[in-house]
Amino acid sequence: ACRMRMGCGGTGSRPRSLVTDPRTSLGSAAGARGSSVTPALKGAEHRRWLSYIPGCVPTLNVVHALRKKAAPRCRMLSKNKFFQLAMFVALIGALFLPDVWILADRSTNTDLDVILTFVLFAFIVELVVQSIGLMRTYWGSFFFWMDLLGAASLLLDLSYITNASGGTAMSNNVVIMRAARIAKLGARAGRFTKLVKLLRFLPGMSDQSMDQGTAKVISARLILALSTRVSCLIIVMVMVMPLFSMWTYPEQDWSIKSFLDVLEKTSVRKPETFAWQLEEFGSFYHQKDYYPYSLMVLPEAVAELSEVVTKQLPWTSTRGPPARTTNSIRMESASLVAEFNFSKPNQIDSLMNVLLLLVVMVLMVGFSLILSNSVSAIVLQPLEKLLQQVRKMASTIFQSVTDMAVTMKDEDSENDENDGDDEHDQSSGNAFGNETELLEKVVQKLAALSEITMNKNVVDAETMEGLGEGDRAVIQGFQCTSTTDPNPWKEDSDSEMEDSPSDYGNMLNAQKAMVENAGLSLDLLNSWNLNPLELDKARNHAAAMYFVGPHNHGISFDPVVMAAFLETAEAGYVKSVPYHNWFHAIDVTHGVYRLLRVCAGEAYLNNCERYALLVSAICHDVGHPGLNNTFLIETAHEIALRYNDKSPLENMHCARLFEYVGMPKCNVFASLTKPQFQDVRKICIESILHTDNAQHFAMIKEVQMMYEVNSEVLDASREFFNEDPAEFPTMEAVDCFRQPESRKLLVKLVLHLADISNSMKPFRICRIWAWQVLEEFFLQGDAERRLGVPVQALNDREKVNRQFSQVGFIEFLVSPLVFAVVKVLPPTDSHAEQMIQNLKTWHTNWLSDTKPPPSDTEKRALAERVNKLEMKFYDTIR
C-alpha cells in the first residue's frame with residue numbers, strides 16, 4: 001500500500017521507478033544489515049543516489065559497458081612485452097634526457113621538448129590503459145598515484161611551460177635557488193618511483209602461474225612485495241635527505257657581488273685604476289669553472305660615469321658566452337651589469353643527477369637480488385626439498401592414510417552423540433584427510449605413469465602366458481617382436497654349445513699355446529698395457545682370436561671360420577685412416593674383454609650376450625672413412641643418404657658386420673639356433689648403434705637412473721667390494737643386473753665404455769691414441785676447408801691445442817660417464833683413477849708445451865677445473 005501511494009505522484013513523492021527498482025530494496029536490505037555492507041551493496045547504494053541526477057545512470061552504464069569491452073584489450077596491452085619495453089625506454093628518457101641535454105650543452109631545448117612531450121603522452125596512455133584494464137587493483141593504488149605524480153612532474157622539464165610561468169628567472173638569493181632545485185628534484189621523485197617497475201625484469205620477479213609450483217609462486221610474490229617496499233624506501237631516503245640541508249646556512253661564493261661592488265666604486269672614485277681593476281676581474285676567474293663573459297653599463301648610468309670608464313666598456317671575455325641561455329646569470333649594481341657563464345657548474349650538477357639515478361637503480365636492483373636470494377634460501381629451497389622427500393615417504397603416507405581412515409571411522413561411531421564438539425573435530429579431520437588423500441592420488445598417478453613408461457608391452461607377462469599361440473602371434477606381429485623369451489636371464493647350460501670341463505680346459509690350453517706361439521704373454525693381454533699399434537699383424541690376429549675365444553663366453557665355433565671372419569673384418573677397415581682402423585678394433589675388443597673379466601660379466605650376462613659383444617667390438621667401426629657423422633650429413637655423403645642421416649656410420653658398421661656373417665666362410669654365428677641368432681643380432685645392432693657419440697649423454701642419464709633406482713643395493717655392493725674385491729658382485733647386485741632393462745643397458749655400456757677407454761689407460765698409450773684421433777680430426781678439417789664447409793671445433797690444426805683438447809675431452813665427455821659407471825660397477829674405480837692421473841699429466845704438459853705460454857688467468861682457470869674434477873672423483877668413490 002505504501003508503494004502504491006508513493007507511486008501515485010504528488011509533490012513529495014519519489015519516481016515510481018525508484019520504488020519498484022530491485023536495486024532500491026537491495027540497498028535497503030544492505031542498510032538494515034548495518035556494518036556488514038559488501039562492496040557490491042555499496043556500489044548499488046551509490047548508483048541509487050546517482051540515479052537522482054538526470055541522465056547520470058544511462059551515461060554511467062554506457063561508460064561501464066565501454067570500459068568492460070576495452071578492459072581485456074587493455075590488460076593484454078599492459079602485459080605485452082613490447083609495450084612494457086616502450087614504457088621502460090620512455091621512463092629512462094624522462095629521467096636522463098633533461099640532464100643529458102645540459103651535459104651536451106645544447107643551445108635550445110626545442111628538440112628535448114618534442115621528445116618529452118611524446119614521453120608525457122606515453123605516460124598518460126599507460127595510466128589510462130592500466131586504469132581501464134586493471135581498475136580494481138590499480139585505480140587508487142600506490143602505483144596509480146606514483147604514475148600520476150611521475151607524469152605531472154614531467155611538466156617541469158618542458159621549457160614552453162616553465163618559460164610561460166617565468167621559471168627560467170634566476171634569483172640572487174642562494175636559499176631560494178637551493179629550495180627551487182630541491183623542489184625540482186622532489187618533483188622528479190614521482191618519476192623516480194616508476195623505476196620500481198624495473199623489478200619485473202629481474203630473475204624471480206615475473207608473474208608466476210600456479211603450474212610452476214606452490215613454492216615458486218609464494219616465493220615470487222614475497223620477493224616482489226619486499227623488493228617494492230625496499231626500493232621505495234631507497235627512493236624516499238635519496239630524495240628526502242637533501243631537504244634537511246635546505247635551512248642550513250648556505251655556502252656561497254661572494255666574489256661575484258664583491259667584484260661588482262669594487263668595480264662600481266672604482267668607476268666612481270678612481271676611474272684611472274678602472275682598467276687595472278677590470279683586468280683583475282677577468283683574471284680572477286681564469287682558473288674557475290664559471291666566469292664573467294660580459295660587463296656593461298646600464299643605459300641610464302652612462303652619463304654619470306667618466307669617459308675613462310666608458311671607453312673600457314662594454315667589456316667581453318675571450319672565453320665567450322654560454323651556448324644555453326639558461327647557463328647565464330646576470331648580476332647588477334647601481335651602474336654596471338655583469339653576465340656570468342655557469343655552463344660547467346650546471347653540467348657538473350646534471351652529471352651528479354645522472355650518477356644519483358644510476359646509484360639508486362643499482363641499489364634497487366642489488367637489494368632486490370639480495371632479497372630474492374634470501375627468500376629463495378628461506379622459503380623456496382626448504383619447500384622444494386620437502387616436496388622432493390614425498391617420493392621417499394610414499395609408503396609411509398599410504399599406510400598413514402589407511403590408519404587415519406580407520407581411526408576416523410571408529411571415532412565417528414563412538415562419538416555420534418557429541419554433535420557440538422564433533423563438528424569442529426570432523427572439519428579439521430576432513431581437512432587433514434583431504435590433504436593426504438590428494439597426496440596419495442598424486443603419488444598413485446606418478447606410479448601409474450612410471451609403470452606405463454617402463455612397461456613397453458601392451459600385455460603383461462602373466463596374461464601372455466594364458467594366451468594361445470594364435471593370440472600371441474597377433475600381439476607379437478603388431479609389436480614386431482619375436483617369440484623368444486626376453487625376460488629370464490639364463491646360462492645356456494643345456495645347449496649343445498656348452499662343453500665339458502675337460503673340453504673347456506683343452507680349449508683354454510689351446511688358446512694359451514696360440515698366444516705364446518705368436519710371441520704374446522697372457523700377462524700383457526690381461527692388463528691395460530696392451531697397445532695394438534705396437535704389434536704386428538700376426539700378433540694382433542692372435543690377440544683377437546684369444547679375446548673372442550670360447551673360453552670367454554662358452555660358445556663354440558670353427559676356428560677356421562673365425563680366422564676368415566677376422567681377416568675379412570681387417571680388410572674392411574681403411575688402412576689410411578689414422579684412428580678408426582683395425583688397430584682400434586683390436587684395442588676396443590681388448591677393452592670389452594677386460595671389462596667383462598674385471599666386472600664379472602659372466603655373473604649377469606649370458607653366453608650369447610658376451611659373445612655378441614666381443615664380435616660387435618671387432619666390427620664396431622669397420623669401413624670407417626675417417627669422417628664423422630656431421631661431415632657425412634653436411635656433405636650429403638652416400639652413407640648419410642642411405643641411412644637418412646640417423647647414425648649413418650654406426651648403421652653402416654652393423655650392415656657390414658652382418659654382410660660378413662652372411663658369407664658361409666665367415667659365419668661365426670653358424671652354431672646358434674635361430675632364436676639365439678635373433679637375440680645376438682639385436683645385441684650387436686643395439687650396442688654398435690650406441691657407440692654413436694650422439695647417444696653418449698642419454699646413456700649417462702640411463703646409468704644415473706639405474707643407480708638411483710637401485711642405490712641401496714648398489715651402495716651395499718660397493719661396501720662389500722671395498723672390503724674384499726672378490727665379493728663383487730653381491731647376489732642382490734646380480735639380481736639387479738639380470739633384469740632385462742639392466743642387461744640391455746650394460747651390454748651397450750660395455751662396448752661404448754671400451755670405445756672411449758683410451759683416456760683410462762696408462763698415459764703412454766693414452767697419448768699415442770690421442771695423437772692418432774687428433775690427426776684424423778685434422779685431416780677431416782683439411783677436407784672441410786677444401787670443400788668450403790664450416791670447420792668443426794676440434795678439426796682445425798692451426799687453432800687446436802692438443803693437450804688442452806684432451807683436458808676438455810676427459811672433463812666433458814669421458815668423466816661424466818665414468819663417474820656414473822663407478823657407482824654401478826665399483827671395479828672400474830682403478831680406470832677412473834688412471835683417467836684422473838692422465839688429466840693431471842695433460843695439464844702439466846699443457847703448462848710446459850704451450851707456445852706462447854698461457855697467461856696466469858688461464859693457468860688458474862684450468863687448475864681449478866682439474867682440481868674440481870679430482871675432488872668429484874674422490875666424492876664419487878666414497
* Label point distance in nm, VAL100-ASN506, each placed 7 Å from Cα along Cα→Cβ -> 9.5
* Exposure of LEU278 as accessible area (Å², to 10), given a probe of 1.4 Å and all protein chains -> 10
* How far, in nm, would the chain grow between LEU383 and LEU233 when pulled straight, counting 0.36 nm per residue and subtracting the alpha carbon separation? -> 51.0 nm
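Give me the accessible area per residue for the range 635-755, probe 1.4 Å, as a whole number in Å². Spell out each step's value before the answer.
Numbers: 6020 Å² over 121 residues.
Each residue of the range 635-755 exposes 50 Å² on average to a 1.4 Å probe.
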* Extension gain from ASN373 to ILE161, taking 0.36 nm per residue of separation minus the Cα-Cα distance -> 71.7 nm
* With a 1.4 Å probe and every protein chain left in place, work out the accessible area per residue of the range 529-600 in Å², rounded to a whole number. => 31
* To do: With label points built 7 Å along Cα→Cβ from the Cα atoms of THR325 and GLU304, find their separation and express it in nm.
  => 2.8
* Kindly flag which residue pairs out of LYS512/LYS682; LYS512/LYS537; LYS79/LYS385; LYS270/LYS311 have an alpha-carbon separation exceeding 22 Å in this structure. => LYS512/LYS682; LYS79/LYS385
* To do: Please label the shape of the range 704-850 as rounded, prolate or oblate, based on the square roots a ≥ b ≥ c of the eigenvalues of the alpha-carbon gyration tensor (a/c under 1.5 means rounded; beyond that, a/b larger than b/c means prolate, else oblate).
  => prolate
* To do: Quote the relative contact order of the range 762-878 in percent (integer), defining contacts as alpha-carbon pairs under 8 Å separated by 6+ residues.
  => 25
* For the range 779-857, size of Cβ-based charge dipole, Lys and Arg +1, Asp and Glu -1, in debye -> 160
* Fully extended contour minus Cα-Cα distance, from HIS286 to THR844, at 0.36 nm per residue -> 194.5 nm
* Points 7 angstrom from Cα along the Cβ direction at ALA334 and ASP715: gap in nanometres? -> 10.0
* Asked: Say R0 is 30 Å: what FRET efficiency, to the nearest 0.05, do THR59 and VAL359 get from their beta-carbon distance?
  -> 0.05
* Asked: When the solvent-accessible surface of protein heavy atoms is calculated with a 1.4 angstrom probe, in what order do ILE348, ILE639 fall, highest first?
  -> ILE348, ILE639
* Asked: If amide H atoms are built 1.01 Å from N in the plane of the peptide, which residues on other chains or at least 5 residues away come under 5 Å of the amide H of LEU336?
  -> LEU298
* Asked: Can you give the accessible area per residue of the range 774-861, in Å², using a 1.4 Å probe?
  -> 47
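The values are calculated or read from the model by the stated rules, or taken from the named source; none is laboratory data. All figures in this text were calculated on a predicted structure; none of them were measured in a lab. When we count neighbours, we look across all protein chains shown, and the Cβ atoms used for this are built from the backbone with ideal geometry, even at glycine. The accessibility values were calculated without ligands, DNA or RNA, using every heavy atom of the protein model including side chains. Shrake-Rupley method; radii C 1.70, N 1.55, O 1.52, S 1.80 Å.
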